[in-house]
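Take a look at the structure below.
Read-outs throughout are calculated quantities, based only on the coordinates presented, and are distinct from any laboratory measurement. Computed from a predicted structure; not experimentally measured. We place every Cβ from the backbone using ideal geometry, glycine too, and count neighbours over all the protein chains shown.
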Amino acid sequence: MTLASRHLVYNWQPNHIICPQLALNSVMAIRVGGYTDIGRKLENQDTFNMYRIKAGDVYVGVLDGHGSNGKSIARRAKELLLQNLKDSTDYPANKAAALRSACIRTHKAIAEGSIDCTLSGTTATVALISRSHRLNLAWLGDSRAVVGRLDSKGRVSCVALTSDHNCDDPKEAERIRRMGGKVEPYLSSGRYVGPNRLWNRGRMQRVPGLCVSRSIGDTVAHTIGCSADPQLLDLTLTDKDKFLIIASDGVWDGLSNQEAVNIVSHYKDPTPAAKALVKAAIAGMELKHMDDNATAVIVYFK
């Protein structure tokens, strides 16, 4: 397998963005870079994108496909999320509403599209960073977002911005049960193995066995409690917020939130930082005898 097929590196640095509510000499510079690695998997179902939208907003996203058509769904959803956001009548006046409608409309388009998503889908974590120093997040699934923030002792500490949507979360599990789904680990030779998963209640065929509780696609899972309604966060960035990390679950399987922040805090260029983070995560997964694709997007603020 060639290097090009195993890795994808992207570096993008827009012009400085003037913050209109601050003094004219106050500038927020945003530098963005990303890196993805296939790990030891046969294909990379992760993908990411970065884009500058009108009015100077910066958009970044990480998607992690699953199932036999997960790669195709993640890549199609990546295109649709950005387009649906830009087309939203709520954007740019109400960014939270625009992100929410983009996720829901993208799921609908995927579910009605040509790609078979009965047992395949993707997670998605997307962010809008505006020139007014606002960070708007929307997420479905377990691609996590954290901020590296300077604390009172001058150290860069981790602030988790998202919580994983999975079947181990009591509130998520309760919604699934109300919708007719079943939550339990995989049953192998009479023993339960691994994390909780979403199942139908039929005895003949146990499907879909999905760990995440919110996603795009996964039409079978969505009939029994899985949701495409994202969780949202609106945060005002300060000069103590140094960088944003959005990464697929492969990164968090190999590293803790604080370990990831420690790695990124040693860099100033986002692409080498993303690469170092992904490589460290893959090494961490190998120590735990785990394997997955790993993807990270880094946004530095100044």
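Things worth noting here:
- Rounded to the nearest 20, the size of the Cβ-charge dipole of the range 193-302 about its Cα centre is 240 debye, with Lys and Arg at +1 and Asp and Glu at -1.
- Calculated FRET value between LYS240 and ASP116, using beta carbons and R₀ = 41 Å, to 0.05: 0.30
- Couplings 3J(HN,Hα) for the range 227-236, derived from phi with the Karplus relation 6.51 cos²θ - 1.76 cosθ + 1.60 (θ = phi - 60°), are 10, 9, 7, x, 8, 10, 9, 10, 10, 8 Hz, where x marks Gly and Pro.
- Candidates TYR35, TYR51, TYR59, ranked by Gaussian network fluctuation over the chain, Cα under 10 Å, top entry: TYR51
- Semi-axis lengths (Å, descending) of the ellipsoid that matches the C-alpha gyration tensor of the chain: 32, 22, 18
- Taking only the C-alpha atoms of the range 179-296, Rg followed by Dmax gives 18.3, 57 Å.
- Inter-site label distance for ALA93 and LYS288 at 7 Å from Cα along Cβ, in nm: 4.5
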